[in-house]
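Novice: First the structure, then my questions, so here it is.
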Amino acid sequence: MDSPGTIRTPRPPRAAPRRRHFTLEHANRTLPLVRRIVADIVRQHKLVSSLEDKCHIRRPDVPREKQEELTRQYGIELERLRDLAEELSAVGCEIKDWRIGLIDFRSLHQGREIELCWRLGEDRIAFWHEINAGFSGRQPIDEGFFEPRPAEAVAG
């Protein structure tokens, strides 16, 4: 186990599929499935975090067998979390925050790669950000998002 208080990030999926490029429409169509998987991931992450904390606390009043059972259960639940992460990866999107269910869908916009950004609880994908900008760089997808840049309009 890692140092106390830090949950191990689940390992990458066993056979990580190549990330595809989503259109906004396609990414939004995947949301019913993604929403269910991500809700399960958030719940499972909370459980794994709780078990990890309990495994790190060695109390003399807790029998060794109970501690061993907690450690065993932690391993089982961590594996379930890994399975959920693999299921999400198979869809082609990437989880960015396990606690809140923050997801990125790789996309192309005006000739460059971007991330369409969605968070558990949002009805649809309404934000995007540059590849390295992360959540703090989220920008709304507005009508102008779909308009070509001036150079593209002339070339088109």
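Just so it is clear, none of the values below were taken in a lab; they were calculated from the coordinates. Here the structure is a predicted model, which is why all the values come from computation and not from measurement. Cβ atoms come from the backbone with ideal geometry, glycine included; neighbour counts cover every protein chain shown.
Novice: For residue 20 and residue 53, what does the FRET efficiency come to when R0 = 41 Å and r is the distance between their Cβ atoms, rounded to the nearest 0.05?
Specialist: Working: r = 37 Å, r/R0 = 0.89.
My answer for the efficiency is 0.65.
Novice: Where the eigenvalues come from the Cα gyration tensor of the range 19-90, what are the semi-axes √(5λ) of the equivalent ellipsoid, largest first, in whole Å? It would help to have the intermediate numbers written out before the result.
Specialist: On the way: eigenvalues 259, 19, 12 Å².
Gyration-tensor ellipsoid for the range 19-90: 36, 10, 8 Å.
Novice: For the range 24-155, would you read off the P(r) tail past 17 Å as a percentage of all alpha carbon pairs? Provide the component values of the computation, followed by the final result.
Specialist: Details: 5585 of 8646 pairs.
Roughly 65 percent, once rounded to a whole number.
Novice: Check residue 127: other-chain or 5+ apart residues with amide H under 5 Å from its amide H, H built from backbone geometry?
Specialist: Amide H neighbours of residue 127: 117, 141.
Novice: Quick one: which of 20-28, 62-70 comes out on top by average Cβ neighbours within 10 Å, and what's the full order, highest first? Could you put the intermediate results ahead of the total?
Specialist: Numbers: 20-28: 15.9, 62-70: 11.7.
Listed from highest to lowest mean packing, they are 20-28, 62-70.
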